[in-house]
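*Asks:* So that we are looking at the same thing, I have put the structure below in structure tokens.
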Amino acid sequence: MAEMKTGRIVRSLSGFYDVLTDGGRVTCRGRGSLRKGGQLPLTGDMVEISVDCGKGMVEKILPRKNCFVRPAVANVDGLVIFAANVNPVTEPFLIDRVAAIAGDQDVPVYICVNKYDLDPAVDLVRIYRNAGFQVLCTSAQTGEGMEELRALLKGKLMAFTGNTGVGKSSVLNALCPELQLATGEVSEKLGRGRHTTRHVELYCIGEDTFVADTPGFASFDTEQMDIILKENLQYAFPDFAPYIGKCQFHDCSHRKEPGCSVLQALRDGEIEQTRHDSYLRLYEKSSQIKTWEL
């Protein structure tokens, strides 16, 4: 007779799920009825499983507090978005899209400017601190910022995300050397890294502290990310918050309307130009969404 257990998915790969339970780690398949019902188990999910003769089956996904398409994780306490200004250079739009998706679900976002020893990325640091994000400056090589990052992660389930080659796995190795995760060289010609993380996996780096290392992405991958309705997009930009509701028109889209408080803040230098540029790009994408298609 199958034994029922409850646990958390700590690894998802090719239709197999490693579930951490009180009795240890169990490798499971997903019950077909989950997929038919439109439910795909994600790393971070709390699940009910059945175990029969050492073989596990995910029977039920317990209610989630949040979930993301890319990175494919659930139930996180926050997202740490990695960026760099050298080898490879991170486009602000990549940061802004992930940050907006997280903001749409009220998930805290932290910006980690990595490879700080090679380039301090002054503009990136300024942009995101001015936008109200907590920005950490780190170097996996020198150890700079590691203790601050460790303190941020303590007692939480956090996901590391960012463009390929920016050094997520290197930072995890610096935080927890025994992990010995594979890291990749960055192509000098292309300015981007090779994908060394090909699946989402949770790593325990301390008591009650877990980090999900997720595959890196490039610009074109943003097309696969979660959708934000245009009506909600303004609320996903925390730097817009002081100005929302103060525009001349109650349905202001903050693009070109007269009397727009957000545009005035942009002219006054209170909102960074790159942030508003990203908002316009995302608004254009969101405008193409038909509600009935969701």
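*Asks:* Among the residues of segment 246-260, write down those that are within 23 Å of ILE101 (Cα to Cα) and either modelled with pLDDT of 95 or more or surrounded by 14 or more Cβ atoms within 10 Å (Cβ to Cβ) (or both).
*Replies:* Answer for segment 246-260, where residues must be within 23 Å of ILE101 (Cα to Cα) and either modelled with pLDDT of 95 or more or surrounded by 14 or more Cβ atoms within 10 Å (Cβ to Cβ) (or both): CYS252, SER253, HIS254, ARG255.
*Asks:* Here is a follow-up. Would you be able to tell me the number of residues in segment 43-55 that are open to solvent by less than 30 Å² (accessible area, probe 1.4 Å), under 17 Å from ASP22 (Cβ atoms) and not hydroxyl-bearing (Ser, Thr, Tyr)?
*Replies:* Total meeting the criteria: 4.
*Asks:* While we're looking at this one, here's another question. Test LYS168 against the criterion of being at pLDDT 95 or above, surrounded by 13 or more Cβ atoms within 10 Å (Cβ to Cβ) and basic (Lys, Arg), and give yes or no.
*Replies:* Spelling it out, it is not the case that LYS168 is at pLDDT 95 or above, surrounded by 13 or more Cβ atoms within 10 Å (Cβ to Cβ) and basic (Lys, Arg).
*Asks:* Hey, VAL58 hits all of (1) in a loop (DSSP other than H, G, I, E, B); (2) β-branched (Val, Ile, Thr); (3) open to solvent by less than 20 Å² (accessible area, probe 1.4 Å) but one; which does it fall short on?
*Replies:* (1)
*Asks:* Here is a follow-up. Kindly evaluate LEU149 against the criterion of being open to solvent by less than 10 Å² (accessible area, probe 1.4 Å), at pLDDT 95 or above and not acidic (Asp, Glu).
*Replies:* When the stated conditions are applied, LEU149 passes them.
*Asks:* Looking at VAL51, is it at pLDDT below 95, among the β-branched types (Val, Ile, Thr) and in a strand (DSSP E or B)?
*Replies:* For VAL51, the condition - at pLDDT below 95, among the β-branched types (Val, Ile, Thr) and in a strand (DSSP E or B) - is met.
*Asks:* Right, here's the next one. Taking into account only those residues within segment 89-120 that are surrounded by 22 or more Cβ atoms within 10 Å (Cβ to Cβ) and more than 18 Å from the chain's Cα centre (by Cα), which is farthest from PHE68 (Cα to Cα)?
*Replies:* Per the stated criteria, the residue is TYR116.
*Asks:* Can you list residue pairs whose Cβ atoms sit under 8 Å apart, with the first residue in segment 146-163 being on the phi > 0 side of the Ramachandran plot and the second being open to solvent by 60 Å² or more (accessible area, probe 1.4 Å)? Count only pairs 6 or more apart in sequence or on different chains.
*Replies:* GLY155/GLU207; GLY155/ASP208
*Asks:* Out of all the residues in segment 61-74, which are part of a loop (DSSP other than H, G, I, E, B), touching a residue at least 24 places away in the same chain (Cβ under 8 Å) and in contact with a strand residue (DSSP E or B) (Cβ under 8 Å, 6 or more places away or on another chain)?
*Replies:* The answer is LEU62, ASN66, PHE68, ARG70, PRO71, ALA72.
*Asks:* Moving on to the next point. Can you tell me which of (1) touching a strand residue (DSSP E or B) at 6+ places or on another chain (Cβ under 8 Å); (2) without any contact (Cβ under 8 Å) to a residue 60 or more places away in the chain is the one ALA99 doesn't meet?
*Replies:* It fails just one condition, (2).
*Asks:* Which of the residues spanning segment 107-136 are within 13 Å of VAL86 (Cβ to Cβ) and not polar (S, T, N, Q)?
*Replies:* VAL113, LYS115, TYR116, ASP117, LEU118, ASP119, PRO120, ALA121, VAL122, ASP123, LEU124
*Asks:* Here's a follow-up. Do you know which residues across segment 75-90 are farther than 18 Å from GLN134 by Cα and without any contact (Cβ under 8 Å) to a residue 40 or more places away in the chain?
*Replies:* Residue satisfying the conditions is VAL86 alone.
*Asks:* Can you name the residue in segment 107-125 that is part of a loop (DSSP other than H, G, I, E, B) and without any contact (Cβ under 8 Å) to a residue 40 or more places away in the chain and, of all such residues, is nearest to GLN141 (Cα to Cα)?
*Replies:* So the residue we want is ASP117.
*Asks:* I would also like to ask the following. Checking ALA102 against (1) hydrophobic (A, V, I, L, M, F, W, C); (2) in a loop (DSSP other than H, G, I, E, B); (3) closer than 22 Å to PHE210 by Cβ, only one condition comes out false. Which one?
*Replies:* With respect to (1) hydrophobic (A, V, I, L, M, F, W, C); (2) in a loop (DSSP other than H, G, I, E, B); (3) closer than 22 Å to PHE210 by Cβ, ALA102 is out only on (2).
*Asks:* Name every residue in segment 126-135 that is outside any loop (DSSP other than H, G, I, E, B) and open to solvent by less than 20 Å² (accessible area, probe 1.4 Å), in order of residue number.
*Replies:* If the condition is that a residue be outside any loop (DSSP other than H, G, I, E, B) and open to solvent by less than 20 Å² (accessible area, probe 1.4 Å), then ILE127, TYR128, VAL135 are the ones that fit.
The values are calculated or read from the model by the stated rules, or taken from the named source; none is laboratory data. Values in this document were obtained by computation on a predicted structure and should not be read as measured data. All Cβ positions, even for glycine, are placed from backbone atoms using ideal geometry, and neighbour counts span all protein chains on display. Each accessible area value is taken on the protein alone, full model and side chains, heavy atoms only, with ligands, DNA and RNA left out. Shrake-Rupley method; radii C 1.70, N 1.55, O 1.52, S 1.80 Å.
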